[in-house]
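Have a look at the structure below, then the notes.
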Amino acid sequence: MATDGESGSSRWPRRLYQDGEEPDPRFTLANERTFLAWIRTALALMAGGVGVEALNAVAAEPSDLRVMLAVALLLAGVLCSTTAFTRWVATERALRRGRPLPAPRLAPALGYGLGLIGVAACVLLFVTGF
């Protein structure tokens with residue numbers, strides 16, 4: 001249970017805070033900073049998708065390839081943002097239980113996915129002159 005005088009039931013998600021012992025605040029704050037970094041990454045991906053689509057909208061010849069690139073960036077941002085919270089909860093739970101931290105599943109998927117999006121952007125530049 002919480003040992004800092006704060007009831008575990010007053011914090012959300014309740015099930016998480018009722019589990020295990022309160023970890024060192026530095027670890028919890030580091031976990032929160034990591035979550036916020038993933039959220040910033042998600043926002044940047046979504047902004048990139050909106051930017052690509054905005055360029056497509058004002059282009060002399062709109063391209064389906066640009067639309068696909070914009071959608072891929074937007075979906076990568078959605079994946080990143082939804083997975084960030086799941087990762088935060090899993091890490092916080094491991095900290096509270098004194099267990100090893102979970103493996104980073106989002107990082108490889110995002111890394112390879114963005115690599116593919118980068119290749120698609122290069123192809124788009126060569127094919128359409130973007």
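For helix 25-58, what angle does its Cα long axis make with the longest principal axis of the chain, in degrees from 0 to 90 and rounded to 10? Compared with the principal axis, the helix lies near 20 degrees. If R0 is taken as 35 Å, the Cβ-Cβ distance between Val71 and Leu36 corresponds to a FRET efficiency of 0.85. When the Cα positions of Leu79, Ala57, Pro104 are compared along the charge dipole of segment 38-128, Pro104 comes out farthest toward the positive end, with charges on each C-beta of Lys, Arg, Asp and Glu. Relative to the longest principal axis of the Cα atoms of the chain, the long axis of helix 106-128 makes an angle of roughly 10 degrees. For segment 38-128, taking the reciprocal of the average inverse distance between every pair of different Cα atoms yields a Kirkwood hydrodynamic radius of 14.5 Å. Ellipticity at 222 nm from helices only: DSSP H runs of n ≥ 4 in the chain, each -39500 (n - 2.57), divided by the residue count, give -25500 deg cm²/dmol.
Reported to two decimal places, what Rg/Rh ratio describes segment 16-87 when computed on Cα atoms with Rh from the Kirkwood expression?
Values: Rg = 17.7 Å, Rh = 14.1 Å.
Answer for segment 16-87: 1.25.
Every read-out reported here was derived from the displayed coordinates using simple, explicitly stated rules and does not represent laboratory data. This one's a predicted model, so the numbers in the text were calculated from it and none came from an experiment. Please note: Cβ atoms are built from the backbone with ideal geometry, for glycine as well, and neighbour counts cover all protein chains shown.
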